[in-house]
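Remarks on the structure that follows.
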Amino acid sequence: MGREVQHVPYGYEPPAEKPRGTLIYYDSFEHTTDDELRAAAQTARDKNFGKLVLYPLHEETVRRMSKEPVSSYYKREDRLHDWKREQGASFITVENWEGKRKKYTPIDAALRHLTERYSGPHFLYLTPETADLFASFSSFEEWIKNLRLLLSEKPQALHPRLEKFSHRWSVAGEEE
């Protein structure tokens with residue numbers, strides 16, 4: 001068996017590992033505090049993601065998913081833009097696709113758009129309540145095979161589908 005000799009210049013350092021993948025924070029951002037946003041950004045840094053995408057939901061989407069009242073899309077989006085400016089982080093993006101659509105957007109359409117637009121691997125950062133809602137949709141089993149979930153905190157009660165796919169999600173901040 002032959003060996004291949006490689007020649008490198010003196011002082012050669014292998015290139016540093018580049019951040020890769022996308023962490024998508026899918027939420028209404030109605031009750032999300034700056035501390036929770038900072039925790040999501042820190043999780044993206046800790047896990048070496050190339051991009052953190054904040055995806056605020058349109059009022060119609062929130063109304064159909066959870067029935068809770070929510071302020072207008074543009075107020076929540078402006079707050080996210082202000083927070084992003086304060087952080088000065090270039091790896092954070094506020095996705096405005098739902099604002100352009102100006103109507104209800106099913107989670108399937110949103111995830112399809114996000115996975116086509118941003119580089120993989122894809123991780124979905126969700127609150128336990130939103131994860132429970134996502135698990136209740138019929139398309140959950142198709143999507144959980146293509147992306148992983150990161151929950152912002154430990155859930156009190158688990159949806160049966162979340163239990164079934166417990167190997168495809170974890171809690172942010174906990175060691176894996």
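Quick note: the coordinates plus some simple rules give every number you see, no bench work behind them. Everything numeric here is computed off the predicted structure, so don't read it as measured data. Glycine gets a Cβ as well: all are built from the backbone with ideal geometry, and neighbour counts include every protein chain shown.
In table form, for the structure just shown:
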| item | result |
| --- | --- |
| Which listed residue, of L37, L114, L80, is closer than 25 Å to S139 by Cα, in contact (Cβ under 8 Å) with a residue 12 or more places away in the chain, touching a strand residue (DSSP E or B) at 6+ places or on another chain (Cβ under 9 Å) and surrounded by 16 or more Cβ atoms within 10 Å (Cβ to Cβ) | L114 |
| Test: residue in region 12-26 that is touching a residue at least 60 places away in the same chain (Cβ under 8 Å) and over 16 Å from the mean Cα position of the chain (by Cα) | no |
| Long-range neighbours under 9 Å by Cβ, at least six apart or interchain, first residue on the phi < 0 side of the Ramachandran plot and among the aromatic types (F, W, Y) within region 150-176, second surrounded by 17 or more Cβ atoms within 10 Å (Cβ to Cβ) and not in a strand (DSSP E or B) | F165/A135; F165/F140; F165/I144; W169/A131; W169/I144; W169/L162 |
| Hits in region 117-150 - residues which are buried (at least 18 other Cβ atoms within 10 Å of the Cβ), hydrophobic (A, V, I, L, M, F, W, C) and assigned to a helix (DSSP H, G or I) | A131, F134, A135, F140, W143, I144 |
| Hits in region 127-176 (condition: of a type in the set (S, T, Y), within 16 Å of the chain's Cα centre (by Cα) and within 19 Å of Y55 (Cβ to Cβ)) | T127, T130, S152 |
| Where A157 falls short, out of the listed (1) of a type in the set (A, V, I, L, M, F, W, C); (2) closer than 24 Å to A41 by Cβ; (3) assigned to a loop (DSSP other than H, G, I, E, B) | (2) |
| Extreme residue, nearest to the chain's Cα centre (by Cα), among residues of region 96-111 that are among the charged types (D, E, K, R) and surrounded by fewer than 19 Cβ atoms within 10 Å (Cβ to Cβ) | D108 |
